[in-house]
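The values are calculated or read from the model by the stated rules, or taken from the named source; none is laboratory data. These numbers come from a predicted model, not from an experiment. When we count neighbours, we look across all protein chains shown, and the Cβ atoms used for this are built from the backbone with ideal geometry, even at glycine. Surface areas here come from the heavy atoms of the whole protein model, side chains and all, with no ligands, DNA or RNA. Shrake-Rupley method; radii C 1.70, N 1.55, O 1.52, S 1.80 Å.
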Amino acid sequence: MASKSTQERIRHRWIAHGSDWAEFEDLLLGDRDGLTALRQAVDDALTNGEGDLREIDSPFVAVRVLDKHPDQGKKKPSQGWFASICIILLAAFFILCLVYGFIRLPDLFK
């Protein structure tokens, strides 16, 4: 069982992602002080671009405003396209070998 000081430390100004607990899986959790600090950090981020969360017990370091989604504008790797072309060419080669083998098959029984 956790000591009283540990319980007090955990309970004072905290937020957490609920993925560690099945019943809170898709939630952002926190005590009143922690969520108030999060709200202040969000307000700071909207005003200054970033809000600090280091003063509370949180897996998050800060809140930041971005103009576009981090995935937007990234170039997609061409490996998927290249691999698809290679697989198609390899399949065509095997089909060609199969057809040629069927054409040559009667010659084996002469």
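When VAL63 is tested against the conditions (1) modelled with pLDDT of 90 or more; (2) open to solvent by 80 Å² or more (accessible area, probe 1.4 Å); (3) of a type in the set (A, V, I, L, M, F, W, C), the lone failure is (2).
Does ALA45 meet the test of being more than 23 Å from the chain's Cα centre (by Cα), at pLDDT 90 or above, surrounded by 12 or more Cβ atoms within 10 Å (Cβ to Cβ) and not charged (D, E, K, R)? Spelling it out, it is not the case that ALA45 is more than 23 Å from the chain's Cα centre (by Cα), at pLDDT 90 or above, surrounded by 12 or more Cβ atoms within 10 Å (Cβ to Cβ) and not charged (D, E, K, R).
Which one is most open to solvent (accessible area, probe 1.4 Å) among residues in the stretch 26-42 that are in a helix (DSSP H, G or I) and more than 11 Å from TRP14 (Cα to Cα)? Outline the logic, then answer.
Restricting attention to the stretch 26-42, the residues satisfying the condition of being in a helix (DSSP H, G or I) are 32-42.
If we keep only those that are more than 11 Å from TRP14 (Cα to Cα) too, we end up with 39-42.
Numbers: ARG39: 147, GLN40: 100, ALA41: 2, VAL42: 56 Å².
The extreme case among them is ARG39.
Return the residues of the stretch 48-60 that are of a type outside the set (Phe, Trp, Tyr), open to solvent by 60 Å² or more (accessible area, probe 1.4 Å) and not in a helix (DSSP H, G or I); say none if nothing qualifies.
First, pick out the residues of the stretch 48-60 that are of a type outside the set (Phe, Trp, Tyr): 48-59.
Then keep just the ones that are open to solvent by 60 Å² or more (accessible area, probe 1.4 Å); that gives 48, 50, 52, 54-55, 57, 59.
Scanning the stretch 48-60 gives GLU50, ASP52, ARG54, GLU55, ASP57, PRO59.
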